[in-house]
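Novice: My questions all concern the structure below.
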Amino acid sequence: MAGPLDIDDDMERMRRRKSEATAKGGQAFLRLLQLAAAGDSGQAHTVARFIASTYNGQDFPYDLYDLRLVDIAISDDMLLCIDALRWGQSDLHSLVPDGDRRVRAVIEQWGLKWPEAQ
């Protein structure tokens with residue numbers, strides 16, 4: 001049977017894991033955002049679609065099989081972002097400077113379309 005110290009230890013481990021996932025996800029998101037904005041990679045469009053999906057997954061769904069279309073380092077960054085989303089401490093775009101504007105600019109740059117209002 002777990003005692004109070006075990007629960008406190010578990011809570012502290014969980015807090016550290018959330019913080020670490022958020023920090024790593026923010027750094028990875030910044031790298032992906034820079035890659036998509038530069039647009040000088042054949043993989044940038046796939047990255048842009050991923051970024052859009054992290055911003056608004058209902059309007060910009062992302063097929064996870066597309067992780068196979070990018071280099072390992074890029075897909076590793078995508079997985080770090082997914083882990084940060086899983087822990088849900090912050091929206092990814094809020095973890096980078098001027099993130100909201102930058103994500104919207106990438107969405108526009110790559111011609112990703114918002115659904116029509118009904």
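Novice: Any residue that is within 24 Å of Thr22 (Cβ to Cβ), assigned to a helix (DSSP H, G or I), open to solvent by less than 60 Å² (accessible area, probe 1.4 Å) and among the polar types (S, T, N, Q) - is there at least one of those in segment 62-76?
Specialist: Yes, because at least one residue in segment 62-76 is within 24 Å of Thr22 (Cβ to Cβ), assigned to a helix (DSSP H, G or I), open to solvent by less than 60 Å² (accessible area, probe 1.4 Å) and among the polar types (S, T, N, Q).
Novice: Of a type in the set (Ser, Thr, Tyr) and open to solvent by less than 20 Å² (accessible area, probe 1.4 Å): is that true of Thr46 in this structure? It would help to see each step written out before you state the result.
Specialist: Details: of a type in the set (Ser, Thr, Tyr): yes; open to solvent by less than 20 Å² (accessible area, probe 1.4 Å): yes.
In short, yes.
Novice: Test each condition in (1) without any contact (Cβ under 8 Å) to a residue 12 or more places away in the chain; (2) outside any helix (DSSP H, G or I) for Arg101 and report the one that comes out false.
Specialist: Answer for Arg101: the failing condition is (2).
Novice: Still on this structure: Listed residues Ala23, Ala36; which is small (Gly, Ala, Ser) and buried (at least 17 other Cβ atoms within 10 Å of the Cβ)?
Specialist: Ala36
Novice: Can I ask one more? Would you mention how many residues in segment 49-61 are assigned to a helix (DSSP H, G or I), free of Cβ contacts under 8 Å to residues at least 60 places away in the same chain and open to solvent by less than 40 Å² (accessible area, probe 1.4 Å)?
Specialist: The number of residues fulfilling the criteria is 4.
Novice: Among residues belonging to segment 85-98 that are open to solvent by 50 Å² or more (accessible area, probe 1.4 Å) and touching a residue at least 40 places away in the same chain (Cβ under 8 Å), point out the one that is farthest from Ala52 (Cα to Cα).
Specialist: Gln89
Novice: While we're looking at this one, here's another question. Residues that are of a type in the set (Ser, Thr, Tyr) and in a loop (DSSP other than H, G, I, E, B): does segment 15-36 have at least one? Lay out the reasoning, then the answer.
Specialist: Initially, segment 15-36 is screened for residues of a type in the set (Ser, Thr, Tyr), giving 19, 22.
When the remaining residues are screened for being in a loop (DSSP other than H, G, I, E, B), the result is none.
No: zero hits.
Novice: Now, a different point. Based on what the data block shows, is Ile82 open to solvent by less than 20 Å² (accessible area, probe 1.4 Å), assigned to a helix (DSSP H, G or I) and either within 27 Å of Arg16 (Cα to Cα) or not basic (Lys, Arg) (or both)? Spell out the reasoning first.
Specialist: Values: open to solvent by less than 20 Å² (accessible area, probe 1.4 Å): no; assigned to a helix (DSSP H, G or I): yes; either within 27 Å of Arg16 (Cα to Cα) or not basic (Lys, Arg) (or both): yes.
Against the criterion (open to solvent by less than 20 Å² (accessible area, probe 1.4 Å), assigned to a helix (DSSP H, G or I) and either within 27 Å of Arg16 (Cα to Cα) or not basic (Lys, Arg) (or both)), Ile82 does not qualify.
Novice: Quick one: which of Trp87, Trp114 is touching a Ser or Thr at 6+ places or on another chain (Cβ under 7 Å) and modelled with pLDDT under 95?
Specialist: Only one candidate qualifies: Trp87.
The values are calculated or read from the model by the stated rules, or taken from the named source; none is laboratory data. These numbers were taken from a predicted model, which means no experiment stands behind them. We place every Cβ from the backbone using ideal geometry, glycine too, and count neighbours over all the protein chains shown. These accessible areas exclude ligands, DNA and RNA; they are computed on the full protein's heavy atoms, side chains included. Shrake-Rupley method; radii C 1.70, N 1.55, O 1.52, S 1.80 Å.
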